[in-house]
1. Assuming residue 33 fulfils every condition listed in (1) over 14 Å from the mean Cα position of the chain (by Cα); (2) in a loop (DSSP other than H, G, I, E, B) apart from one, which condition is it?
2. Does segment 47-69 hold any residues that are among the basic types (Lys, Arg) and surrounded by 11 or more Cβ atoms within 10 Å (Cβ to Cβ), and which are they?
3. Give the residue that is modelled with the lowest pLDDT, with candidates limited to residues of segment 1-24 that are among the charged types (D, E, K, R) and part of a loop (DSSP other than H, G, I, E, B).
4. Consider residue 27 against the criteria (1) at pLDDT below 95; (2) surrounded by 10 or more Cβ atoms within 10 Å (Cβ to Cβ): it satisfies all of them except one. Which criterion is unmet?
5. Counting only residues that are in a loop (DSSP other than H, G, I, E, B) and closer than 17 Å to residue 30 by Cα, how many does segment 51-70 have?
Amino acid sequence: MSDHAAQHHSEPSAANRLMTAQQVAEMLEVDPSWIYAETRAGRFPHVRVGRYRRFKLSAVERWIEDHERGPAR
C-alpha cells in the first residue's frame, strides 16, 4: 500500500473526529434537542452526511472559544 493510501485509510486525528449530536450534547452537558435546534438555526457548526448531521470536534471546540464570556483573555 502506498503512503497516500495508508494515510487515506488511517484513523482521523482527534481534532477531525466526527461526533454525533448525542456525543456533543454530553460534552456540553445540554440536551441533544438543543444541539439539533441550534444546528437547524445555523448557529452551530456541523457537517451534513446524507440525512445525518455530524460535528467535528475541532469546530465544536472553536465554537466554545468563540462563545466564551467573562474577563478578556
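The values are calculated or read from the model by the stated rules, or taken from the named source; none is laboratory data. Quick caveat, the model's predicted, so the values are computed rather than measured. Every residue, glycine among them, receives a Cβ derived from its backbone with ideal geometry; neighbour counts consider all protein chains shown.
1. (2)
2. Scanning segment 47-69 gives 53, 54, 56, 62.
3. That would be 11.
4. (1)
5. The total comes to 2.
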